[in-house]
Amino acid sequence: MTLQEALLKLRDQVVLGPDELPGSWYNIRADFPGDFPQPREPENGPSRLEFLSKVLVKKCLEQETSTERWITIPEPVRDLYRQAGRPRPLYRARRLEKYLNTPARLYYKREDLSPTGSHKVNTALAQAYYAAEEGLEGVSTETGAGQWGSALAYAASLLGLKCVVFWVRSVYDWKPDRRALMRLYGARVLASPSSETSVGRELLAKNPDQPGSLGIAVSEGLEYAERNKGYAYCLGSVLNHVLIHQSIIGLETMKQFEMIGQNPDLMIGCLGGGSNFGGFILPFAGEVLKGKRQCKFLAAQSSSAPNLVKGEYRYDYGDHAEKTPLLKMYTLGHQTDMVPIKADGLRYHAAAPFISFLRHLGHVEAVAYPADERDVFEAARTFVQVEGFLPAPESSYAIRAAIDQALECKWKNQEKVIAFNISGHGFLDLAAYQEKLKF
Ligand SMILES: Cc1ncc(COP(=O)(O)O)c(C=O)c1O
């Protein structure tokens, strides 16, 4: 081992230079064994596949069904990634290891270092770039935590597009600062259900206090794009092309582990629809599928929406109003009520088809934490006080799971390498911290 290699091994921040940014996204579909279940039409009603092809950005639709293993990232998107601070560092959580007194080695990926506060920027920039290339005027979307809405508002602003965001009402009401951020980027932001769409009006007529859900907001975003010429609908999670764009996280992480001569034994991410978890693990899972590496994958969820833990693997809609095709997913049912939680980005009824298929093959494990979120916010407090960084409430689920796993290593005296993804920061979520931790 050279001196330089030895020093690298000791490094607690593993940093890639701008020139080391990956040139392609990874599509795990090319490495799936057997037949990956295709989207289906429901028995009744109009063609949902045709509908989707009308409202999605064309290039995203093409990537949705692609079986190519590597998809070249357009140079302007790579420049935008660099502008947004990519590649992002991988940190060794040496202080947390010491605090927990665990023999496990803990590493975390810093997606919180993003302009709007989360990993969602990785696909927002790609989708907005393709929408602008197509000559569109604007994009519409849904948002739960508000992170995806902010990311798309930001990307649309950089690419000269208009942006309309339907935001789950129960969250819209208590995050005025994030609302302000989206508006600062020039987006139009509506509480969902809204009176802007027929889906929203119908739900409001039944219950004016309807708190909304991601499934409802997706329906509204889709309807908006359908009715407004020059608009395309962009989705922040679940679909294959979104997870493909997010693979940038895992590809960088793989290079970073190579640099320090380590291999993760276990990778952990929080999971709502599956985009940060997928982005983080898919390049590694592809190698596991090919027998080139051994690694386990653990998704951290909320008991409010335990789609992987309690859901059934079957065909279901991606939205409340049944506008999308049927996708084969672990699902709780597309019209299931889910109690509001502070980590609202995790409150989605189903897990992405890519992740669901991997779970079905036995490669993904999942844990769901109680909907009162006490344990999860306590884990976040520990992380803030020991490592110093403020995670998004959603990311705190990954931290909780990583701490639990590190403690298990302590009881069993195991020296595992555990990697977890900090999908976002919590600077616009301090009200949730105050409420949950009572300070
Ligand atoms: C910071 C953060 N992490 C995680 C998620 C969950 O989404 P996904 O499962 O698609 O990563 C969200 C969703 O809004 C989020 O804002």
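Checked against the criterion of being of a type in the set (Gly, Ala, Ser), assigned to a strand (DSSP E or B) and over 15 Å from the mean Cα position of the chain (by Cα), the stretch 257-273 contains not a single residue that satisfies it. What number of residues within the stretch 20-57 satisfy the criterion of being part of a loop (DSSP other than H, G, I, E, B) and open to solvent by less than 60 Å² (accessible area, probe 1.4 Å)? Residues in the stretch 20-57 being part of a loop (DSSP other than H, G, I, E, B) and open to solvent by less than 60 Å² (accessible area, probe 1.4 Å): 11 in total.
Out of the residues in the stretch 340-352 meeting the condition of being open to solvent by 10 Å² or more (accessible area, probe 1.4 Å) and within 22 Å of His241 (Cβ to Cβ), tell me which one is nearest to the ligand (Cβ to nearest atom). The residue in question is Gly345. Of all residues in the stretch 59-72, none satisfies being touching a Pro at 6+ places or on another chain (Cβ under 9 Å), under 28 Å from Asp265 (Cα atoms) and buried (at least 16 other Cβ atoms within 10 Å of the Cβ). Pairs linking a residue in the stretch 356-377 that is outside the structural domain of Ser395 (by TED's automatic domain parsing) to a residue that is open to solvent by less than 10 Å² (accessible area, probe 1.4 Å), with Cβ atoms under 6 Å and 6 or more positions apart or on different chains, do not occur. Within the stretch 284-309, the residues that satisfy the criterion of being in a helix (DSSP H, G or I), open to solvent by 10 Å² or more (accessible area, probe 1.4 Å) and in contact (Cβ under 8 Å) with a residue 40 or more places away in the chain are Val288, Leu289, Val309. For Glu252, the stated conditions do not hold, so it cannot be described as within 19 Å of Lys54 (Cβ to Cβ), in contact with an Asp or Glu (Cβ under 9 Å, 6 or more places away or on another chain) and either touching a residue at least 40 places away in the same chain (Cβ under 8 Å) or assigned by TED's automatic domain parsing to the domain that holds Arg105 (or both). With a requirement of 2 or more residues that are in contact (Cβ under 8 Å) with a residue 24 or more places away in the chain, buried (at least 24 other Cβ atoms within 10 Å of the Cβ) and under 18 Å from the mean Cα position of the chain (by Cα), the helices (runs of 4 or more DSSP H) lying completely within the stretch 107-180 that satisfy it span 121-133, 147-158. Do we find a residue being touching a residue at least 12 places away in the same chain (Cβ under 8 Å), away from the ligand (no atom under 16 Å from the Cβ) and open to solvent by 40 Å² or more (accessible area, probe 1.4 Å) anywhere in the stretch 378-386? Yes, that holds for at least one residue.
The values are calculated or read from the model by the stated rules, or taken from the named source; none is laboratory data. Keep in mind it's a predicted model, so treat the numbers as computed, not measured. Using ideal geometry, Cβ is built from the backbone for each residue, glycine included, and neighbour counts are taken over all protein chains shown. Side chains included, ligands, DNA and RNA excluded: accessible areas come from the protein's heavy atoms. Shrake-Rupley method; radii C 1.70, N 1.55, O 1.52, S 1.80 Å.
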